[in-house]
Amino acid sequence: YQCDWSSDVCSSDLGVLTMDSRTPEQRRHGFELSLTGVGAHTEGVSADKQSRWLVSLRRGYPDIALKIEHRDNEVSPRYYDALAKAEFTPAPGQTLSLHFLHAGDTLLYHRKGNPDLNSDYTSDYAWARWRGDFGRVTSESVASFTRVTWDRDGSGYLDGRNLVDVHERRKLSTIGLRQDLTLAAGERVWWRGGAEVKSSRADYDYRKARDRSEEHTS
């Protein structure tokens, strides 16, 4: 994470993640522990094999690892996420699944001669999926909701003279509906088509103040 306070520009490396949740095959539980994170999960299948579930929780603590190594004098990051999935088979050849994913990360940034920065990023994803197999025709319907927020606050003295205060709030909400159809015209030929509708709303609140004063020595 890099910030240029003289021009009030902050940037970070961004990426795209494609994820497909695992389909539980048996009942089991797990606990994970590493140098930078701890997590637990549980999954299972009902006795009649008509429903399945999966719950996973994870909390990363690179901030604690950096503190132990005495390297937390400038940056202190942390992250967490939670995943839940429930899958049902209401009829032969049909599957209904409900999914929820919540993730967040925070970053505290401090460097001598620069303002302090507190960044908080969260994302929520919820979607329901229905799949049906009707011989040569396969249908899939997905209803989804997404909310992403990013809060950023910074304050302090720049170059020991200018008092800077930054307040920023961003939020993006999206709801969507998708319908896909696949027709098997032969052993090696498929016809696929579908439609998708989305509606999004974004809110942005930003405030910046700068006070030019005498050199600050404390």
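Points worth noting:
- Highest to lowest packing among 139-150, 84-95, scored as the average C-beta count within 10 Å: 139-150, 84-95
- Efficiency of FRET from Cβ geometry, Lys198 and Ala91, R₀ 22 Å, rounded to 0.05: 0.15
- Converting phi to 3J(HN,Hα) with the Karplus coefficients 6.51, -1.76 and 1.60 and the offset θ = phi - 60°, the range 179-191 yields 10, 10, 10, 10, 10, 7, 7, x, 5, 10, 10, 10, 10 Hz in sequence order, with x at every glycine or proline.
- Per residue, the convex hull spanned by the Cα atoms of the range 165-209 measures out at 79 cubic angstrom.
- Among Trp190, Trp127, Trp53, the order of accessible area from largest down is Trp190, Trp53, Trp127, computed with a 1.4 Å probe on protein heavy atoms.
- Largest-first ordering by accessible area, 1.4 Å probe, given options Arg78, Arg152, Arg131: Arg131, Arg78, Arg152
- Scaled radius of gyration (Cα, divided by 2.2 N^0.38 Å) that the range 32-161 gives: 1.55
- Along the range 36-45 the Karplus relation, 6.51 cos²θ - 1.76 cosθ + 1.60 evaluated at θ = phi - 60°, assigns HN-Hα couplings of 10, x, 9, x, 8, 8, 9, 8, x, 10 Hz to successive residues, with x for each Gly and Pro.
- Comparing Cα centroids, the range 64-122 and the range 143-204 end up 16 angstrom apart.
- Computed extension gain for His29 through His41, at 0.36 nm per residue and net of the alpha carbon distance, reaches 3.7 nm.
- If the Kirkwood radius is taken over C-alpha pairs of the range 36-90, then at 20 °C and 1.002 mPa s the Stokes-Einstein diffusion coefficient equals 158 µm²/s.
- Residues in the range 89-96 carry Karplus couplings, in order, of 10, x, 7, x, x, 10, 9, 10 Hz; the curve used is 6.51 cos²θ - 1.76 cosθ + 1.60 with θ = phi - 60°, and Gly or Pro positions show x.
- Charge dipole magnitude, Cβ of K and R +1, D and E -1 - the range 106-149, Cα centre, debye nearest 20: 100
- For the range 44-155, the share of accessible area belonging to carbon and sulfur comes to 57 percent (1.4 Å probe, ligands and nucleic acids excluded).
- Distance violations [Cα-Cα > 24 Å] among Lys67/Lys208; Lys171/Lys198; Lys49/Lys85; Lys67/Lys112: Lys67/Lys208
- Percentage of interatomic Cα-Cα distances in the range 85-208 larger than 19 Å: 66
The values are calculated or read from the model by the stated rules, or taken from the named source; none is laboratory data. These numbers were taken from a predicted model, which means no experiment stands behind them. Glycine also receives a Cβ, built like all others from the backbone with ideal geometry; neighbour counts cover every protein chain displayed. In case anyone asks, the SASA skips ligands and DNA or RNA and just uses the protein heavy atoms, side chains included. Shrake-Rupley method; radii C 1.70, N 1.55, O 1.52, S 1.80 Å.
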